[in-house]
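Worksheet for the structure shown next.
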Ligand code: XMP
């Protein structure tokens, strides 16, 4: 639309003016905001931008590939992918406490990001300094961090894709005046694919906070499969726009008796947590059609050995938060 196009033009102009001939880096999280911010900056300054994507091994199925292929194809951005899954998993080893998990993931992320940024500076043959850091900060983020009383203290939110606090960069924040729906329109305007622009929210700490109990590679693999099935069926049923998001949670320390094939099993339950929401501050559980729930349940228990029970979370927020940890 005319307005979206003019927002893009205005921002591109402003970014060029701010950055000049210097270089910038941007952390990509796989989420909409960092992707749109990066695409805008790419449009403005091209090869002066390098994006960094830290794969912490806690992503959902296909997510890293989506950043590596679709995002690069759509924007032509220079991308550095860091596979840090070993590092994150060993840091998380033995840890079950949700807040501790969040802190560890946030801390490791910052370390890996800083290391990547030092490598970019060392590798790139240019006299121009890397002086800018691109952030996908939205208007509601600005308002909330301005002393709001929101739910910020309930959980340590880590916008993985976020920044170290003592960072020596100047920030570029092209989405600072925009709301989420406007960000999506801008993303579309600059040519990002639908799968990226319409993505539902996904927490920075990823599947790490959807495994109740210790996070291990095996458990992540189980959850990734179950989550992919749930997403596939929700998409096939045309429900993506109706629900805000649908976390799938693995109760890794719980076991129950089941019968799969002709044999007794002693497996784990997963919880489906479909919610509707305007802004994630409050939410209601989504009244999904029974046949869709049935398909998800049948497929997960058929296709994912070790998961023998699928349950539905019918709690609103409050009192429950959207994520389980
Ligand atoms: P809760 O669980 O607090 O989640 O009701 C509210 C919304 O925030 C997402 N979420 C996060 N997003 N970093 C993020 O970028 C985080 O650490 C984080 N924790 C929760 C959650 O998916 C929901 O959309």
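Summary table below
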read-out	value
Net length gained if the chain between residue 171 and residue 311 were fully extended (0.36 nm per residue, minus Cα distance)	46.0 nm
Sorted by Cβ density within 10 Å, fewest first, the residues 210, 102	102, 210
Bridge type composition, the chain - antiparallel percent by DSSP, nearest 5	30
Order of 139, 290 - criterion: other Cβ atoms within 10 Å of each residue's Cβ, fewest first	290, 139
Packing-based exposure ordering (other Cβ within 10 Å, fewest first) of 87, 219, 107	107, 87, 219
Separation in nanometres of the label points that stand 7 Å from Cα toward Cβ, at residue 69 and residue 256	3.7
Added length on full extension, which subtracts the Cα-Cα distance from 0.36 nm per residue, residue 242 to residue 280	12.3 nm
Helix-derived mean residue ellipticity, 222 nm - over the chain, DSSP H n ≥ 4, -39500 (n - 2.57), to 500	-12000 deg cm²/dmol
Top of 105, 45, 154 by mean-square fluctuation, Gaussian network on the chain, Cα under 10 Å	154
Normalised alpha carbon radius of gyration of segment 37-129 [divisor 2.2 N^0.38 Å]	1.24
Euclidean distance between Cα centres, segment 1-38 to segment 251-291, Å	39
The chain: most fluctuating residue of 230, 37, 14 per GNM, C-alpha cutoff 10 Å	14
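Every number in this text was worked out from the coordinates using simple rules, so none of it is lab data. Owing to the predicted nature of the structure, the values given are computational and were not obtained by experimental measurement. Ideal geometry is used to build each Cβ from the backbone, glycine not excepted, and the neighbour counts take in all protein chains shown.
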